[in-house]
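The structure appears below as structure tokens.
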Amino acid sequence: MRKRILIVAFAVALVAGTALAHGERNAFRVQIDGYQEIPTLSTTGHGLLALHIAPDGSSIGYALRYDDLVGNVLQAHIHLGRTAFNGGIMVFLCSNLGNGPAGTPLCPGPNSGQVSGTVDAADVIAGAAAQGVAAGELDEVIASLRHRAAYVNVHSSLYPGGEIRGNIH
């Protein structure tokens, strides 16, 4: 019995090590603030994003919390772009502007709130099509997360380009 447990433990460690070696991380936790914005902002706003990619890669679960925004929250997205670069929107996390795909939740607020949900291929928009991520390409969103080429942005009425940001690492 002990030998069987050791073999199973070794197999699990080998699979986990192989996934990590290939950059196949499935969970992310991101601190969000104005100092990561482009251009940098000194605001009181801050937050946290947690992401979890489903084992089969068919969806991404998320939980977003933001606090103490200076402006009223308008929308939040995941964008394609590395640290210090802005890029196109790939996925809406919430919106109060009615501009997200069907089923996009409202952003609670006005200045603090929490929203959670799940996105799948139908939720991927063509906002980053010029960067190679077409509508419906969830696999490309997942690849950008795993390659540290994505960020979360919370937009507000005072900073419509983004009040707080977190680079997904």
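Restricted to strands (runs of 3 or more DSSP E) entirely inside region 110-169, those with at least 3 residues that are buried (at least 18 other Cβ atoms within 10 Å of the Cβ) and touching a helix residue (DSSP H, G or I) at 6+ places or on another chain (Cβ under 8 Å) are 164-167. Against the definition (under 18 Å from Leu106 (Cα atoms), under 15 Å from the mean Cα position of the chain (by Cα) and either assigned to a strand (DSSP E or B) or among the basic types (Lys, Arg) (or both)), how does Leu64 come out, yes or no? Against the criterion (under 18 Å from Leu106 (Cα atoms), under 15 Å from the mean Cα position of the chain (by Cα) and either assigned to a strand (DSSP E or B) or among the basic types (Lys, Arg) (or both)), Leu64 qualifies.
Mind listing just one residue for me: the one in region 88-109 that is outside any strand (DSSP E or B) and touching a helix residue (DSSP H, G or I) at 6+ places or on another chain (Cβ under 6 Å) and, of those, surrounded by the fewest Cβ atoms within 10 Å (Cβ to Cβ)? Full working, then the answer.
To start, the set of residues in region 88-109 that are outside any strand (DSSP E or B) comprises 88, 96-109.
The next check asks that each one be touching a helix residue (DSSP H, G or I) at 6+ places or on another chain (Cβ under 6 Å); those that pass are 88, 101.
Numbers: Gly88: 17, Pro101: 14.
Applying the filter and picking the extreme gives Pro101.
Working only within region 63-83, note down all residues that are under 20 Å from Asn96 (Cα atoms), buried (at least 21 other Cβ atoms within 10 Å of the Cβ) and not β-branched (Val, Ile, Thr). Give the steps one after another, and end with the answer.
Residues of region 63-83 that are under 20 Å from Asn96 (Cα atoms), as a first pass: 63-79.
From what is left, the residues that are buried (at least 21 other Cβ atoms within 10 Å of the Cβ) are 64, 66, 69, 73-79.
Those that are under 20 Å from Asn96 (Cα atoms), buried (at least 21 other Cβ atoms within 10 Å of the Cβ) and not β-branched (Val, Ile, Thr): Leu64, Tyr66, Leu69, Leu74, Gln75, Ala76, His77, His79.
Given the condition modelled with pLDDT under 95 and under 13 Å from Val154 (Cα atoms), answer yes or no: does some residue in region 55-67 qualify? For region 55-67, residues modelled with pLDDT under 95 and under 13 Å from Val154 (Cα atoms): absent.
How about region 24-45: which of its residues are part of a strand (DSSP E or B) and either basic (Lys, Arg) or buried (at least 16 other Cβ atoms within 10 Å of the Cβ) (or both)? Write out each step before concluding.
Within region 24-45, the subset part of a strand (DSSP E or B) is 27-33.
Result: Phe28, Arg29, Val30, Ile32, Asp33.
Please determine whether any residue of region 46-58 is among the small types (Gly, Ala, Ser), in contact with a Gly (Cβ under 9 Å, 6 or more places away or on another chain) and assigned to a strand (DSSP E or B). Taking every residue of region 46-58 in turn, at least one turns out to be among the small types (Gly, Ala, Ser), in contact with a Gly (Cβ under 9 Å, 6 or more places away or on another chain) and assigned to a strand (DSSP E or B).
The values are calculated or read from the model by the stated rules, or taken from the named source; none is laboratory data. All of these numbers come straight from a predicted model, not from anything done at the bench. All Cβ positions, even for glycine, are placed from backbone atoms using ideal geometry, and neighbour counts span all protein chains on display.
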